[in-house]
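I have placed the structure first, in the form of structure tokens, so that the comments after it can refer back to it.
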């Protein structure tokens, strides 16, 4: 490893408090949760932790400054602490609750002591510390998993309704085909066990949490338990004279017949073209709801025709029923 003072960006005369503050700032910036899939950031995060593992402990820092150990905490010659096996240094708990030696955090110091219970990283690092074993073995909880990683997938309404598969690149560099189940709702979260982040000293990785976001807009919406409404625009001519038009469904396009004399709001029912039923017994229906749209820009010929048009019953108030008690 590089010189730990350089890694943390502090001078050799820095106080323990300054070293701690530098570490906290860098760890927050380089935490893997903030850089999913970035292996360089993950390596930098490990280097930062290792540097603080050495300089965050005043005794180990002094041994490093005297040249007794190298930047990785290994003894430079026989006779100093770590012995022939090398590795990070261990400290021995000789207090009232003692009973043997233990390592502190995953880099040889106690994150609980360094940060306290309320620190942003204390939960992650304390779990790593507990995973290394401790005095009395049974006095601490069993190792917990590493931190979860979070992802977001944006899908269409049709994909969420019928189910689909999407490929996701995880923060550990792996790619995974994620199955989105039918009838997934906006904001639903899929949990992929063991596909999250790893923490030094904790054997079990966290989980990958994939949040489903349904793309806004589009013609579809649910109506009732299993039916889906598709709002479909038609021209005035198509509504008056009737026509065959192509409409979207959850699984593709189909041709439907618009009956002659259709009104805005006329609904055509396509049986079995709705969402999969939650009980697995087939599908609901697709309700094609017609919306009459006028030409844009305005059609002068249509305007002239309607100004002269005087159909039978033209004097009838089509809104009269709105005011009936």
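The values are calculated or read from the model by the stated rules, or taken from the named source; none is laboratory data. Since the structure is predicted, the reported quantities are computational estimates derived from the model, not experimental observations. Here the Cβ is made from the backbone with ideal geometry for all residues, glycine too, and neighbour counts use every protein chain on show.
Here are the numbers for this structure:
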item	result
From the options 33, 43, 17, residue that is part of a helix (DSSP H, G or I) and under 19 Å from the mean Cα position of the chain (by Cα)	33
Any hit, the stretch 276-287, residues being touching a residue at least 60 places away in the same chain (Cβ under 8 Å), under 43 Å from the mean Cα position of the chain (by Cα), within 30 Å of residue 147 (Cβ to Cβ) and in a loop (DSSP other than H, G, I, E, B)	no
Any hit, the stretch 85-106, residues being within 24 Å of residue 150 (Cα to Cα), crowded, with 18+ Cβ neighbours inside 10 Å and modelled with pLDDT under 50	yes
Qualifying residue in the stretch 214-227 (condition: assigned to a loop (DSSP other than H, G, I, E, B), touching a helix residue (DSSP H, G or I) at 6+ places or on another chain (Cβ under 6 Å) and within 20 Å of residue 154 (Cα to Cα))	yes
Hits in the stretch 160-216 (condition: without any contact (Cβ under 8 Å) to a residue 12 or more places away in the chain and touching a strand residue (DSSP E or B) at 6+ places or on another chain (Cβ under 7 Å))	167, 175
Criterion (under 30 Å from residue 185 (Cα atoms) and modelled with pLDDT of 95 or more) met by exactly one of 247, 258	247
Subset of the stretch 285-305 (residues that are out of contact with any helix residue (DSSP H, G or I) (no Cβ under 6 Å at 6 or more places or on another chain) and either within 30 Å of residue 161 (Cβ to Cβ) or outside the structural domain of residue 227 (by TED's automatic domain parsing) (or both))	285, 286, 287, 288, 289, 290, 291, 293
Residues of the stretch 53-66 classified as at pLDDT 90 or above and crowded, with 20+ Cβ neighbours inside 10 Å, total	1
Residues that are free of Cβ contacts under 8 Å to residues at least 12 places away in the same chain and either in contact with a strand residue (DSSP E or B) (Cβ under 9 Å, 6 or more places away or on another chain) or more than 20 Å from residue 208 (Cβ to Cβ) (or both), drawn from the stretch 25-50	25, 29, 40, 43
In the stretch 3-20, the residues that are in contact with a helix residue (DSSP H, G or I) (Cβ under 8 Å, 6 or more places away or on another chain) and touching a residue at least 60 places away in the same chain (Cβ under 8 Å)	4, 20
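This table checks each residue for (1) exposed (fewer than 10 other Cβ atoms within 10 Å of the Cβ); (2) in contact with a strand residue (DSSP E or B) (Cβ under 9 Å, 6 or more places away or on another chain); (3) more than 24 Å from residue 244 (Cβ to Cβ).
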position: 261; (1), (2), (3): no, no, no
position: 274; (1), (2), (3): no, yes, no
position: 282; (1), (2), (3): no, yes, yes
position: 288; (1), (2), (3): no, yes, no
position: 297; (1), (2), (3): yes, no, yes
position: 301; (1), (2), (3): yes, no, yes
position: 312; (1), (2), (3): yes, no, yes
position: 316; (1), (2), (3): yes, no, yes
position: 321; (1), (2), (3): yes, no, yes
